[in-house]
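Student: Sharing a structure here in structure tokens format.
Since every read-out is calculated from the coordinates, none of them should be taken as a lab result. What you see is a predicted model; the values in this text were computed from it and never measured. We place every Cβ from the backbone using ideal geometry, glycine too, and count neighbours over all the protein chains shown.
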Amino acid sequence: MTTRTPGDLQKQRTPRWVRGKWALRLLMAAAVSLGLIAALWLLLSPSPALAQDTAPTTPTLLEVRNEAGALQPALVLTLRNNCHDPTVTTVTNPASYPILLDLAPGDCLLALAPQRFVTTTKEFHPFPAFAPFGATGNIAYVTVNTNWTVGTDGALISPTVSSPGLPILLTTRADAPLVLFNLVISLEWDAHEALELAVFANALSAFGADLFDASNGQMTLGRALIVAGAEHWRDADFQIMAGNDVWPNADVGGIVSNVTQLGNGIGFRPGHLRVGRGWDGNSANQGLWSQPTGARTLVHEFGHYGLALFDEYLGLAPDGTDFSSYCTISPSDPGYAADWASLMSYQYKANEFALRRDGNPMQWTGRCRQTIQFQMYHLSDWETLASRFGDTNSPPRWQIQMPVNGPNPGPEAAPPGLTSIQVVPSPSGPPVRTLAVFGAPGSVGELQVYQFAGLNRPSGPRLVSQGVITAGNTLRLLGVYGGDELLVIDPEGVVYTRTVVAGPITALTLTLTAPGWSPNLSFTPSASRQVTVNLSGVGGLSGLSVSLYERGSASPPLNLPLSSQSGISVATFLAPLPDFAGFLHITAQGGLETVAPFALSDGAPSVHDTAHSPRADAHLARTGSAAQQPAILWDARGQPPAPPGQRLIAARTGFSVAGATAVSEATADLEAPLALWLNVRDDELPGGRPSCLTLNQYGATGQGWTPLGLVNELPVHVVSFPVSHTGAFALLRPEGACLYKRVDAPDPVIGAVVTYTIGLDNPNNQWLRDVLVSDPIPPVLLPLTITSNPPGQMGFNGQNAHWFGDVPPNALLVVTITAQIRSTALVNQVVTNQAAAQAAGGTLLSAPAEFRTCARYDINCDGMVNMTDIIAAAEAWNATLAGGGFNARFDLDRDGRVTLLDIQTIAGHWEWHW
């Protein structure tokens, strides 16, 4: 600590404030005293006078200087009672002169000396606290130097007044920076009630605390403006959708003010962070954003949007496709740990950023090298943050400090006074309403609910997706006024109904009676943001009309002119934004009506980019030239139901990429395979398990659904698969019991031991008796062991592994087979056989297991053997990783150890000798 005074200050460990405690206290005080949530300001006081306190105060002269001794313009925060009292007084001193403060013994003093103001092209982003220092216009974030230190245990160490009246010197340091983000959060629906808005104020407070914790006290929320009714929607950093079916998602680097490209080929464009009404880790239908699961998810998504970090639960293969991976933490690991990385992998059990450091498996493992984050930057999270947010001057004016001794368990929250949260409610708000739907056929799963607010309605003109509902359940309606209209539709076109909401009724019930309609449609974007819409099978309809709504906008819909081409109705529109989400409202005479959501993502000047579907239940990872072209995703419409014996999972989407070579109106060839990955909820899966799922494409070869392959490995219920055509895609699963086979060890290496799993999923409420599961062992494998869950009779019979027994209701039988490789055959060449099961009088067959492999010497699986592979082996050597298991991948000379000889083996293959 470089803060010095003539004996008047002592170092004080500040308490680890309870997250949201002070924000909630001030929120309730404002709500009670003023009766308006708009009074909610955790505001920086412009007056240097301190509030009255029980401890006597003494006028004290105070200066703020940097390490070179120069006076510094600064904000000075005073916290009473050894930092335990949340009462904060802030003094603005842009002129750098010494100031006189009334101080008491035990007052904590925090100094914030501004260093950099980063602007944004998003409007409504003033940062009043720093306006006196020159932060005018729209500010994305501010970097300041502070006078505190973060201890190894995560506690803040700050100077505390011991002798009021004696002059005080506060010294700000380049190694104690703080980045304060300035965010606008827009709720899609009209919200007026204080308690409803308090959820989001508390969520932002918890978000700031978690970000402060993860960054070791170097980043937090500086200011947040929360608005409702989709105010400032285009300019919002966080867009909070009304729907209960939206998965959290964000544009990587979306906080940038303009299109930006780094020297390594990675590029960003202005974008947004998008979430639904809530989140519980699996669904947006429940779970408050102010709860730990919600707040940590906001930090994870902000890691994309604000910090430009990529996911660490997916890997990036040499061909640009994604595959399952994780960085130190996965859903199967033990519960939450305060010092475990990485929150960019699985934020529900970790709240730290990953740092490349061998020997600390809670912070870094070899798997981290496979993730998109490392493959894009060749840097860990912390190294990326230090690079992106550090000062490029020499010597640096500030410098992000990476952890020295591994993950830091704290600090758990930022000191009071650093964050201001302003909430602006809607002028009015409707009562809370619920909707229940009856009369849906058994073949219909989820129904979609849309709110139409007309031109003269309080929230109109607007079309809002309220999300999905299943028959017999209720949906909480957000921002629905009396007189608004509700449209309830089945995406497959079986049933629908439209109704006007009666003003006094809050518990709405609807019975579906009218037949539905779901025309087959596809979208095609161009490089100029022009989008072409094709409607098939509607040529004989009269009164056909297509209207375009922008999501979140209160502008009148745009009626699109239609033309006919070869029996297909065609409409075009020009997207007003690089990232444009909206709805097509399609009607025809005879009561035919449907809504098709879509999301356009403009190309980024990058080697890798991800486009999201309207509900973010589907994502398209684009590489190479495809990353620089617009892509559009939409909720698939007009496809037939699943084939007999199959079940259509709700995760389905259509996508198209500009520049793809047209094959038909439904599909087009891609220049190179892209990765399509889908999010799947537990409640969409039989038994809540992702067993026996296949990714299918509609119309890729003729008509109907064509299976593209089996996908069983889901890190967080994410299915990823390479696709070579555009069009409509869906997940299908066999009805009833099913059998699958997969490789358990996901590392793309050649190994001496192969372990794989056969799973028999019985989601039904009845026993499967006398089941026989068998798998032929290829001659290149030497059987070693076989285990099962639940237990049964099992073993090896010649070249067959078998299991015999009963499978309980709603159970998953897992048979694990371990075998030795007899030769140098690749792993994926010895596990591609099918498994079979005799169950319930029939035969179940698995699809062949799939396994990604890399060249033996390609340690990081990037398609090249080069210096990075030598470094990887060297790191393993330095960490004294030896023996079998995962670390066998580094033992290239197969002597049972990781030594210098293995590094030389890679170098020799690379034709580099020393």
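Student: Normalised radius of gyration for region 433-515, please: alpha carbon Rg relative to 2.2 N^0.38 Å, two decimal places.
Tutor: So region 433-515 has a normalised radius of gyration of 1.03.
Student: Another one. Full extension from PHE804 to ALA514: what is 0.36 nm times the residue separation minus their Cα-Cα distance, to one decimal in nm?
Tutor: 99.4 nm
Student: Taking the Cα centre of region 520-734 as the origin, how large is its charge dipole in debye, to the nearest 20, when only Lys and Arg (+1) and Asp and Glu (-1) carry charge on their Cβ atoms?
Tutor: Taking the Cα centre of region 520-734 as origin, the dipole is about 260 debye.
Student: Would you mind calculating the gained length between TYR97 and LEU782 on full extension (0.36 nm times residue separation, minus the Cα-Cα distance), in nm to one decimal?
Tutor: So the chain would gain 238.6 nm between TYR97 and LEU782.
Student: While we're on this one: Is the shape of region 521-605 rounded, prolate or oblate, going by the alpha carbon gyration tensor and its root eigenvalues a ≥ b ≥ c, with a/c under 1.5 for rounded and a/b larger than b/c for prolate?
Tutor: oblate
Student: For region 631-646 and region 750-787, write down the distance between their C-alpha centroids in whole Å.
Tutor: Distance between centres, Cα-based: 32 Å.
Student: Sort LEU71, LEU110 by Cβ crowding within 10 Å, fewest neighbours at the top.
Tutor: Starting with the residue having the fewest Cβ neighbours, the order is LEU71, LEU110.
Student: Using DSSP to call loops (not H, G, I, E or B), can you name the chymotrypsin sites (Phe, Trp or Tyr not before Pro) in region 618-698 whose Cβ has at most 13 other Cβ atoms within 10 angstrom?
Tutor: Counting only loop positions with at most 13 other Cβ atoms within 10 Å, none of the chymotrypsin sites (Phe, Trp or Tyr not before Pro) in region 618-698 qualifies.
Student: I'd like the distance between the alpha-carbon centres of region 459-490 and region 183-255, rounded to an integer number of Å.
Tutor: One Cα centre to the other: 23 Å.
Student: A further question on this structure: In what sequence, highest mean first, do 60-69, 158-167 appear when ranked by Cβ atoms within 10 angstrom?
Tutor: Output ranking for 60-69, 158-167: 158-167, 60-69.
Student: A further question follows. Distance in nm between label sites at GLN793 and THR119, each 7 Å beyond Cα in the beta-carbon direction?
Tutor: Going by the 7 Å Cα→Cβ label model, 8.0 nm.
Student: Can you tell me how much longer the chain between VAL404 and THR392 gets when fully stretched, taken as 0.36 nm per residue apart minus their C-alpha distance, in nm with one decimal?
Tutor: Length gained between VAL404 and THR392: 2.2 nm.
Student: Assign one of three labels to region 102-153, namely rounded, prolate or oblate, based on the Cα gyration tensor with a ≥ b ≥ c the square roots of its eigenvalues; rounded applies when a/c is under 1.5, prolate when it is not and a/b is larger than b/c, and oblate otherwise.
Tutor: Note, shape of region 102-153 comes out prolate.
Student: For the residue pair THR816 and SER428, what label-to-label distance in nm results when each label sits 7 Å from Cα along the Cα-to-beta-carbon direction?
Tutor: 6.3 nm
Student: Order the peptides 259-266, 274-281 from the highest to the lowest mean number of other Cβ atoms within 10 Å of their residues.
Tutor: 274-281, 259-266
Student: Same structure, new question: If you take the beta carbon distance between PHE438 and ALA527 as r and set R0 to 56 Å, what does 1/(1 + (r/R0)^6) give as a FRET efficiency, to the nearest 0.05?
Tutor: Rounded to the nearest 0.05, the efficiency is 0.75.
Student: Cα convex hull of region 546-687: how many Å³ per residue?
Tutor: 170 Å³
Student: Moving to a separate point now. What residues of region 622-640 lie in the reach of a label at LEU577, counting those whose backbone N is under 19 Å from a point 7 Å from the Cα along Cα→Cβ?
Tutor: 630-635
Student: Give me the distance between the Cα centres of region 536-567 and region 269-320, rounded to whole Å.
Tutor: Using only Cα atoms, the two centres lie 33 Å from each other.
Student: Here's something else I'd like to know. What nm distance separates the two modelled labels at GLN838 and ALA471, each placed 7 Å from Cα along Cα→Cβ?
Tutor: Result for the modelled spin labels: 3.9 nm.
Student: Given the peptides 242-250, 588-596, arrange them by the average over their residues of other C-beta atoms within 10 Å, most packed first.
Tutor: 242-250, 588-596
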